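Visitor: Structure incoming, see below.
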Amino acid sequence: MGHEFELYKLLSDQIEHLRAAQRESRRFYTLVNITGASIVFGIQSEKEVSALASLGVVLGLLVLCTLWLNATSYYTRCIRLKSDSLLTIEAALGFAWFRNELNALHGSIRLPNSFAERVMISILIALYIGLAGFLGVQAELINAFGTLRLPSPS
């Protein structure tokens, strides 16, 4: 029983570390996306900067969102696998702390964070693809006709 309990504690710690890493990953990618979107719209307001610069930033954000989606999937899979192992060990030990916590959480109406996060990232990817297409067309029109700017909000 002592060996299983040590493994139980180890898995609990690993799950907590994975959740912390997932939170840090979420913070990093959110900050980078906010900064990148600000740069894109800042570039668009400059008269001397081409649409290709904005397109480069948007393509970089697309790559980052793809990495973010992969990181989210990785952390979700690891947490799920370790949680399943933890539940198996818990059943062998004869207590149900983790299972009771999971049952209490699944009884709520809330969507799991990983699902909501993947949906948000997918929406960002779709928006960036649309923006990249728009900027690509804008860059082609600028090359063909000279200057073309987005209308300013003022």
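Visitor: Give me the number: length gained by fully extending Leu93 to Glu24, i.e. 0.36 nm times residue separation minus the C-alpha to C-alpha distance, one decimal in nm. Don't skip to the end; give the middle numbers.
Guide: Details: separation 69, 0.36 × 69 = 24.84 nm, distance 3.27 nm.
Here the segment from Leu93 to Glu24 would lengthen by 21.6 nm.
Visitor: I'd like the FRET efficiency for Lys9 and Asn70, computed as 1/(1 + (r/R0)^6) with the beta carbon distance as r and R0 of 30 Å, rounded to 0.05. Don't skip to the end; give the middle numbers.
Guide: Working: r = 30 Å, r/R0 = 0.99.
About 0.50, to the nearest 0.05.
Visitor: Between Val32 and Glu101, what's the calculated FRET efficiency when r is the beta-carbon distance and R0 is 41 Å? Round to 0.05.
Guide: Values: r = 32 Å, r/R0 = 0.79.
So the FRET efficiency works out to roughly 0.80.
Visitor: To continue, here is another question. Using a 10 Å cut-off around each Cβ, can you sort Lys82, Lys9 from fewest to most neighbouring Cβ atoms?
Guide: Starting with the residue having the fewest Cβ neighbours, the order is Lys9, Lys82.
Each value in this text was obtained by applying a stated rule to the coordinates, not by laboratory testing. Owing to the predicted nature of the structure, the values given are computational and were not obtained by experimental measurement. No Cβ is skipped: glycine too gets one built from the backbone with ideal geometry, and neighbour counts run over all protein chains shown.
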